[in-house]
Amino acid sequence: MDNIIAIFGLTCSLKTEVAQELSLMTGFKLSNRGEKATTQAKYLGKATTAELPVEFHRSLDDETRLMATWDEKLMIFESAFMDAVLKDAPNVFLVRLHADDKSRQQRWHVRKEEGGGRTRQLGASLAERDQEDQALRSQLYGNTGATTTPALTIDTSDRAANDIGRQIWDSFKAE
């Protein structure tokens with residue numbers, strides 16, 4: 001049986017919100033790997049996580065793979081690149097979240113423009129962030145697309161995070 005739920009997808013596809021909902025509804029640990037990179041970028045005054053040294057990203061990936069070996073009943077991981085990071089790890093229930101451009105742009109606006117300077121959202125625009133993430137993915141993993149087939153793919157465009165979390169949990173339990 002899988003003991004890791006790993007969520008990945010583009011910026012503003014609700015990865016963090018869905019992972020938080022899953023953690024709340026199940027009581028299991030959540031490790032937001034992208035948040036660690038965001039915190040480091042903010043601390044160092046970088047505009048995006050793509051500006052962090054490659055060594056930082058590789059170390060974060062190694063740490064994530066090590067965490068995936070822990071003797072836990074279930075862990076929840078999320079980041080834009082989780083498909084690549086855990087592609088060879090056993091017992092992973094991989095979930096890809098995606099949304100249409102209009103929904104992602106609306107979420108970006110709320111997080112970035114209406115965030116009042118307190119946002120954790122990095123990047124100048126959604127389009128630039130997507131380009132930076134794609135370039136970083138290529139640099140780190142040698143590709144620009146998903147590296148493995150997810151167990152579940154969900155369109156988050158017009159859905160609430162708790163509804164999506166419930167769908168993931170029900171599908172995970174059915175496995």
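Values quoted throughout were computed directly from the atomic coordinates according to the rules given, and no laboratory measurement underlies them. The structure presented is a predicted model; accordingly, all values stated were derived computationally and were not measured. Every residue, glycine among them, receives a Cβ derived from its backbone with ideal geometry; neighbour counts consider all protein chains shown.
From Cα pairs below 8 angstrom and at least 6 apart in sequence, can you work out the relative contact order of the chain, rounded to a whole percent? Walk me through the numbers on the way to the answer.
On the way: 248 pairs, mean separation 63.7, N = 175.
Normalised by residue count, the contact order of the chain is 36 percent.
Report the chymotrypsin sites (Phe, Trp or Tyr not before Pro) located in the range 25-87 that are in a DSSP loop and have at most 14 other Cβ atoms inside 10 Å of their Cβ, or state none. Each step should come with its number before you reach the end.
On the way: sites: PHE28, TYR43, PHE56, TRP70, PHE77, PHE81; in loops: PHE28, TRP70, PHE81.
Here the sparse-neighbourhood loop sites are TRP70.
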Considering amide H positions built from the backbone, and no H for Pro or chain starts, which residues 5 or more places from ILE7, or on another chain, come under 5 Å of its amide H?
PHE77, GLU78, SER79, VAL95
Counting other Cβ atoms within 10 Å, which trypsin sites (Lys or Arg not before Pro) in the range 1-98 have at most 12 and lie in a DSSP loop?
LYS73
Quick one: the Cα spread of the chain along its three principal axes, in angstroms, biggest first?
41, 36, 27
Pairs of Cα atoms under 8 Å, at least six residues apart: use those to get the relative contact order of the range 33-103, whole percent.
30
Calculated from backbone phi, Karplus (6.51, -1.76, 1.60) coupling profile of the range 8-23 in Hz, x at Gly/Pro:
9, x, 5, 3, 6, 9, 6, 4, 5, 4, 5, 4, 4, 4, 4, 5
